[in-house]
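Since the structure comes first, as structure tokens, the remarks are kept for the end.
The values are calculated or read from the model by the stated rules, or taken from the named source; none is laboratory data. Worth saying up front: this structure is predicted, and the values here are computed from it rather than measured. Counting neighbours? That spans all protein chains shown, and the Cβs are built from the backbone with ideal geometry, glycine included. Ligands, DNA and RNA are stripped out before the accessible areas are found, and what is left, the full protein with its side chains, is counted by its heavy atoms. Shrake-Rupley method; radii C 1.70, N 1.55, O 1.52, S 1.80 Å.
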Amino acid sequence: MRLSGRWLIPALLLLLTIGPALPSHAQDYPNHPVRLITDSAPGSAIDVPMRIIADGLTRVWGQQAVVINQPGAGGAIAARAAAIAAPDGYTLGMPAVSAFVAVPGAADNLPIQLPRDFVAIGYLGGAPMFITVAPGLGVKSLPELIALAKKRPGELAYGTNGAGRLTHLTGELLQQRAGIKLLMVPYSGGTAAVLNDMMGGRIALVFDSYSGIAGAVEAGNVKPLAVASAKRLARFPDLPAVAETLPGFEAGGWQVLVAPAETPDAIVQKANADLIKTMSDADVRKRLAQFGRDERPMSPAQTLAFIQSEQQKWAPILQQIGGAH
């Protein structure tokens, strides 16, 4: 297995730390198929990368990593299924940001809390949100969009894949930071339904990762104005980061690998080491690159800290949304 340069040193350091301390039963893990429960719909923009990672884990483990799709209720169905599984490492969860960052009470079992509900294993990657508008809106940059929204408060509509989901939170964050008022319109049909209405002139803008809007962008049906990453992406050097207009603005989706609470630490550490091997593999990285995802090795402790920092980051926005309801 080949490791890319950016991964080599952190991956080796983590493996050297983890490997020697594993009990013999953990070194044999897994010795039969492992179920990976995801809240993504089959074939969706999130499901495909998760299956690429599962294929890589299958090769590392020599046992089948089986992806189980249980979408619905903002990720609560999948979270519940993974949480009540036996804590033996043979049923793991692949929850998305929306399962951890959710309006309290919006769905049973959400938001997920660590370490109450799960043990963090590792980071599966993420992708920044893109601010995209309908070409007919007549704006060519984020500052122009903000100026137009200030002239027409509450008139410009943006589509989301549901109240309290990341697409909604990103819109709320933009309104807060830019001092504007937009109209949120939830869609049950996901980004495809939003894009369809954008092209019909009923929706002015959408927030989503590139994988969700790629087809429409390449066809010229929508126009990206900015990406909500810390800096410009190498793949899109001419597309400004939102932070160039609104310093410190970042928003992106991500997924992590978790195990039911009380899963033995030795199994958690072994699964983390195997995930690092998988995510370092040149073929896996090549296949994931087309989705513009951010992959980086994280220990279980680093993964937990990352999740908790994201929960803290979005807490004010969640409180604002909850209060509005």
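Summary of computed values
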{"quantity": "Whether the range 162-240 is rounded, prolate or oblate, judged on the alpha carbon gyration tensor where a/c under 1.5 counts as rounded", "calculated": "oblate"}
{"quantity": "Degrees separating the helix 5-18 axis from the principal Cα axis of the chain, which is the longest one", "calculated": "40"}
{"quantity": "Dimensions in Å of the chain - Rg and Dmax from alpha carbons", "calculated": "20.0, 66"}
{"quantity": "Accessible heavy-atom area order of Arg293, Arg287, highest first, probe of 1.4 Å", "calculated": "Arg287, Arg293"}
{"quantity": "Whole-number percent relative contact order across the chain, with pairs defined as alpha carbons under 8 Å at least 6 apart", "calculated": "28"}
{"quantity": "Of Met50, Gly154, Leu304, farthest towards positive along the dipole that unit charges on Lys, Arg, Asp, Glu beta carbons give the chain", "calculated": "Gly154"}
{"quantity": "Percentage of interatomic Cα-Cα distances in the range 63-171 larger than 17 Å", "calculated": "64"}
{"quantity": "Burial ranking of peptide ranges 221-228, 154-161 (average Cβ count within 10 Å, highest at the top)", "calculated": "221-228, 154-161"}
{"quantity": "The range 126-204, relative contact order [Cα under 8 Å, separation at least 6], %", "calculated": "37"}
{"quantity": "Cα gyration tensor category, rounded, prolate or oblate, for the range 280-325 with a/c compared to 1.5", "calculated": "oblate"}
{"quantity": "For the range 223-325, projected area of the alpha-carbon convex hull averaged over all directions, nm²", "calculated": "9.5"}
{"quantity": "Shape category assigned to the range 107-230 from the gyration tensor of Cα positions, a/c cut at 1.5", "calculated": "prolate"}
{"quantity": "13 Å beta-carbon shell around Thr263, net charge (K/R +1, D/E -1)", "calculated": "-3"}
{"quantity": "Surface accessible to a 1.4 Å probe, per residue, for the residues of the chain, Å²", "calculated": "43"}
{"quantity": "MRE, 222 nm, helices only [DSSP H, n ≥ 4, -39500 (n - 2.57), over the chain, to nearest 500]", "calculated": "-13000 deg cm²/dmol"}
{"quantity": "Carbon/sulfur fraction of accessible area - the chain, other protein chains in place, 1.4 Å, %", "calculated": "55"}
{"quantity": "Peptides ranked, highest mean first, by Cβ atoms within 10 Å: ranges 300-306, 231-237", "calculated": "300-306, 231-237"}
{"quantity": "Radius 12 Å from Cβ of Asp39, net charge of other residues (Lys, Arg +1; Asp, Glu -1)", "calculated": "+1"}
{"quantity": "Nearest-ten-degree value, helix 300-324 long axis tilted from longest Cα axis of the chain", "calculated": "30"}
{"quantity": "Net charge contributed by nearby residues that have their C-beta within less than 13 Å of Ile77 (K/R +1, D/E -1)", "calculated": "-1"}
{"quantity": "Peptide ranges 268-280, 44-56 listed from the most packed, as the mean C-beta count within 10 angstrom indicates", "calculated": "268-280, 44-56"}
{"quantity": "Charge dipole (the chain, unit charges on Cβ, about Cα centre) - positive-most of Gly138, Leu195, Asn272", "calculated": "Gly138"}
{"quantity": "Considering only the chain, percent of DSSP beta bridges that pair antiparallel, nearest 5", "calculated": "60"}
